[in-house]
Ligand SMILES: [Zn+2]
């Protein structure tokens, strides 16, 4: 029965009410269809790291502020914490697979798909708009492809990642803050012309 | 606004952190064995030095790790950040930052280019 | 001269005579040119009077030409966009600008304030403290009258419609100041490969070079500036910020800059993009299209080469940014902010027409305006001779240069003599004549003693007195950064000494006086900073500039007068604050010695001045009076902001709906559509109540309460904090955190848990559930969610790293829907639940995974209302759908959505506390009667504190219930409780004078009345039909049945009965059915 229910991210009304302008130099996209798993694991103990990598079919990043790509995106969130971004439909299954594989390790896997909203921020002024609310140095030499950071954006906490093609950013924000953050982004981007692609 | 070195994430603005008070306060193993005065000392008394102060910070908007910082309470100059001992009792080395350049001292000058 | 602008020179300057700009000043229509500041345009129109002084109401004119200007503090604009207290010297003229004097009530020309002047001795130093502190009640009257007559500018009359923003930036080298030293430092750093930001407060880069007649590298200075700015613009990593004041130097090389994006001559307003594009708007400052000297943001992160088109495309809808706050983290900083010329301290030195020499040169050379026709130049150093030469060149007559030095000036002095300018060496100007404008200067011989009395030897008629007391380096930022200052006796100024942060000073701000020295010092500073960054300094040589031979400055702090300082006409040190030599003498006489105290007593350096003009003169006079040296007296502390900053730019985007994050649950839009007013809890917006047509809150809450008690209600409880705790040591960890025996909980059981701070005070509470042998699900209060998680992590990471436990926040993943009331089970049954819900299969305080309406959920049989109830945890993306299904299924039971208010009433009827409402960080679980939750079998955080003597006091405030004796009055929360009403009456009899006017009890008594507690929660209970209250009362738990009194505003104390804090279903049967 749940298959018949449309999943909501909560920003539907906001996006629908937002007018886009032509010649926009910033594009804000609500990325749907994403699932998220939170993984806690001590990489120094036992073989949890390898086990998890096998289950995911890709390595967990051990370098701070980086992420790995492959079937999923695995973001480094802390020395024993990762956020796994995958397809919405796969999240539950992947979560239980991981849990099974890591049953003998001290690990915690939680499905947090509904707890996050992913936004794509692209366009030639994307970096300038983010810099209005983020204290990180976003210069590509400091923060380039493959890099991510949990940090502040405006008055919200976000996971900020450089898009694979380096042409934009992914902003992952806690769901209850998503509406605020979208309004903030729309406001900050307004002088640059902003577009909300309709899916 | 301070620039604080998270031992894991690197230099971040103070706004990403929360303050946790003086470092090195150890919870008594057997509180019941303590007199009221001894317990009050653990509870309320802090060194509050003028000068070097070892204190706890939490990278609340980042990796959520608690770590130590040695900060001068007069100049606010941060001498170093350090990780706390883990279960094995060993602390990682921590990050020393050159105050003049803001670089970690073990980094090559200008190496990011 | 231009007809409409009598003081405008026919040629020269950096104004565009083809672009006249109309503006209004105090209602008069005037005209200036593009490239003018408001101040230069006023001088062009021969406006002498720009305000009245703050305290003495003396007429005042323009003194300086930059940030130091103390008098021309004007109100710019009208209505909502009015900006009070801007310095006319820093306001670029634009078409249609409206300015008025702020110190002019009832009119700048009407001399009402002369009375203050006449009786000025009554308004000496410390006049606020002395005159107006007593009687205290009169202070408001005094203050009102003084402020009105002094005029502080008027606040805007409506919310600011303009748009402001913040911008974070990082760089290797931030250069503050774009004069000769700053330009060379920036060029050197940029050419060496550093990321550079160059900020300058003026419309154009160049600083003093724009106002001088010197040659640099064989070209006129301004042309050289243009070439350098061009070159910087071509550097890949250089950002140029004109119109941008570096106003704060904070910890760890964090600096703040205020950029005025819309200071354009034609009033054009630029969006961020437009600000940075090298197109018309920016470069039209002096009418030079594509002339990069006006500064554009160069290539770099903020470059938008084709933004013009885009900006134009949505011009109608896009509001341009007015001001931008740059928050910059710089690895190195070069401070090149130049220096301030000091006034000389002689009688009536504040008369309109007395100006700084550097300002006069600026008016003539940069703005092509002539501030006077016949001038007397008064100096103790060589630099003022430049003004004399400039005046002569521009066609004015210099009646005399009065130089206190017997030896006079060097090369410039010879030039003056060549032009036939009379030079009086070893003389001073002791006084000036004229009230609304100078008309003459009295000259006296200078014998070297500032405190002697002198007889003027001659009087010279003039309409302009030019003064120079030497230069003070602008050390504000260096000092803000914590750097030290050293007194330099040869230059008579404080120079930047040891830096505490990563900064170096350069140029005039570093004590360099000649142009050649400043240029070379800029190169040095640039090279020094890039070397510290590990870069190879680019081999740049300082351009050639003339070095002229100068004679040294001579100290001249107080100029002697006909009488001693207390009785001679006022000799002003700080024009803006009306601080005179006599005021400093008075302060010393009254016992003030420390410079910081004297500053506060005399207001020296207050206001927008912040020590720019008067500081050194004031300290020198103080040192003189105290018989100390200037370094012994020292200087006051410089603090941000260097120049005033608007509230708008400080707030940035954080206004209106963006002021604070609004956290919304997944069901929020349903609540909104239902018309529920929101209650703000932390940052969450929660539905407060759900009014039906015409209902007020009282009626809605009563209806919602009865629905839950009699049928079924539904509430969005999603904001509660939720934490997954997992790991082999999780039981041990939670035993240490919670007060109850966690280990005794079986899998699938729920428990109400509380956690204490180490001080034994209740910190947070919530239901916890054991999901597995090594896995728990914890809930926290809405407001405590983040703090509790941090607190738990702190113990795990810092104190007990050996415990293997992982905590993961699930607050954002799950919605929690509470279905409460006798019919709640039937609603769930109707929806289709895959587990048996009867009381035997799923009893109270159990949790089970289940499928509801085909959707996986976790069901908790818990209750915060005392009724049969279920809490449904469901992932957020399906929560709204589930809520709607529940509403459908519950229709036949008239399922009633309820908000936080009803939740509060229901829980208060049951005596359940709300952490933070019924507790305040000083309440133990024993105070709350929660002893049964405290395990005797183990230690837990805060347990030891419960044995502290203070926690064992029998008269601690304890939680009780209260019933109003009249069964009608809902006690206001916070109401103070007193033991006996009689104590009020007794106090009344003893009171001799009525006092405490306006306070609640004041008309009855001025005696303190002992209070025994206060009301923490209070509601009208719909199902009981009378009010109920929870309160903290001293020794309350042993006083049940006693009557105490509630002190109510405007009426007699109300007797209230102390009862047990459970008003409804004391046995708790209803939740177990
Ligand atoms: Zn970190």
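Just so you know, all these numbers are worked out from the coordinates, no wet-lab data involved. In this text the structure is predicted, and so the values were computed from the model without any measurement. For neighbour counting, all protein chains shown are included, and Cβ atoms are generated from backbone atoms with ideal geometry for every residue, glycine included.
Scaling the Cα radius of gyration of the range C:804-920 by the globular reference 2.2 N^0.38 Å produces a ratio of 1.12.
Rg and Dmax over the alpha-carbon atoms of the range C:1001-1073 stand at 15.4, 55 Å.
Hey, how many Å between the Cα centroid of the range C:188-224 and the Cα centroid of the range C:857-915? For the range C:188-224 versus the range C:857-915, the Cα centre distance is 69 Å. Shielding by partners for peptide A:142-150, expressed as the average number of C-beta atoms from other protein chains within 10 Å of each residue's C-beta, is 2. Compared with the alpha-carbon gap, the fully stretched path from residue C:840 to residue C:749 is longer by 31.4 nm at 0.36 nm per residue.
Hydrodynamic radius of the range C:343-469 by the Kirkwood approach over all distinct alpha-carbon pairs: 14.1 Å.
Can you pull the Rg over Rh of the range C:361-425, Cα-only, Kirkwood? Taking Rg over the Kirkwood Rh, I get 0.95. Any idea what log10 I(q)/I(0) is at q = 0.13, 0.23, 0.25 Å⁻¹ for the range C:568-645, Debye with uniform C-alpha scatterers and no solvent? Taken in order of the listed q values, log10 I(q)/I(0) reads -0.34, -1.03, -1.20. Other chains' Cβ within 10 Å of A:183-192 residues: what's the mean? For peptide A:183-192, the averaged partner shielding equals 6.
The Cα-based radius of gyration and maximum Cα-Cα distance (Dmax) for the range C:189-233 are 11.6, 33 Å. The ellipsoid that matches the Cα gyration tensor of the range C:675-759 has semi-axes, each √(5λ) in whole angstrom, of 37, 16, 12, with the longest given first. Computed over the range C:43-108, the Cα gyration tensor eigenvalues convert (square root of 5λ each) into semi-axes of 18, 15, 11 Å, ordered from largest to smallest. Between residue C:78 and residue C:1073, what is the FRET efficiency for a Förster distance of 60 Å, r being their Cβ-Cβ separation, to the nearest 0.05? Efficiency for this residue pair is about 0.30. Relative contact order of the range C:721-809: 40 percent, from C-alpha pairs under 8 Å at least 6 residues apart in sequence. Computed across the range A:1-55, the Kirkwood radius stands at 16.0 Å (inverse of mean 1/r, all Cα pairs). The helix-based estimate of mean residue ellipticity at 222 nm for the protein assembly as shown, built from -39,500 (n - 2.57) per DSSP H run of four or more residues and divided by its residue count, is -6000 deg cm²/dmol to the nearest 500.
Estimated from the Cβ-Cβ distance and a Förster radius of 35 angstrom, the FRET efficiency linking residue C:548 and residue C:596 is about 0.35. Listing C:684, C:557 from fewest to most neighbouring C-beta atoms within 10 Å gives C:684, C:557. The protection proxy used here, the mean number of other Cβ atoms lying within 10 Å of each residue, ranks peptides C:196-207, C:687-698, B:10-21 as follows, highest first: C:196-207, B:10-21, C:687-698.
With a Förster radius of 25 Å applied to the C-beta separation of residue A:69 and residue A:100, the computed FRET efficiency comes to 0.55. Counting only other chain Cβ atoms within 10 Å of each residue's Cβ, the peptide B:14-22 averages 3.
Panel values: chain A, Kirkwood radius from alpha carbon pairs, Stokes-Einstein at 4 °C and 1.567 mPa s, translational diffusion coefficient 74 µm²/s. Per residue, the Cα convex hull of the protein assembly as shown amounts to 194 Å³. A convex hull fitted to the Cα coordinates of the range C:618-755 yields 349 cubic angstrom per residue. Rounded to the nearest 10 degrees, the inclination of helix C:785-794 to the longest alpha-carbon principal axis of chain C is 90 degrees.
Taken over chain C, the convex hull of the Cα atoms encloses 219 Å³ per residue. Note on the range C:503-625: Cα-only Rg and Dmax are 20.5, 62 Å.
Residue exposure proxy: A:96, C:490, C:430, ordered by other Cβ atoms within 10 angstrom of their Cβ from fewest to most, comes out as C:490, A:96, C:430. Structural descriptor for the range C:539-650: relative contact order 21 percent, calculated from alpha carbon pairs under 8 angstrom and at least 6 residues apart. Over chain C, Cα pairs under 8 Å with separation of 6+ residues give a relative contact order of 9 percent.
Going from the residue with the fewest nearby Cβ atoms within 10 Å to the one with the most, C:589, A:150 rank C:589, A:150. The range B:59-79 and the range A:102-136 have Cα centres separated by 24 Å. Divided by 2.2 N^0.38 Å, where N counts the residues, the Cα radius of gyration of the range A:34-113 comes to 0.95.
Semi-axes of the equivalent ellipsoid for the range C:721-809, computed as √(5λ) from the eigenvalues of its C-alpha gyration tensor and ordered from largest down, come to 17, 15, 13 Å.
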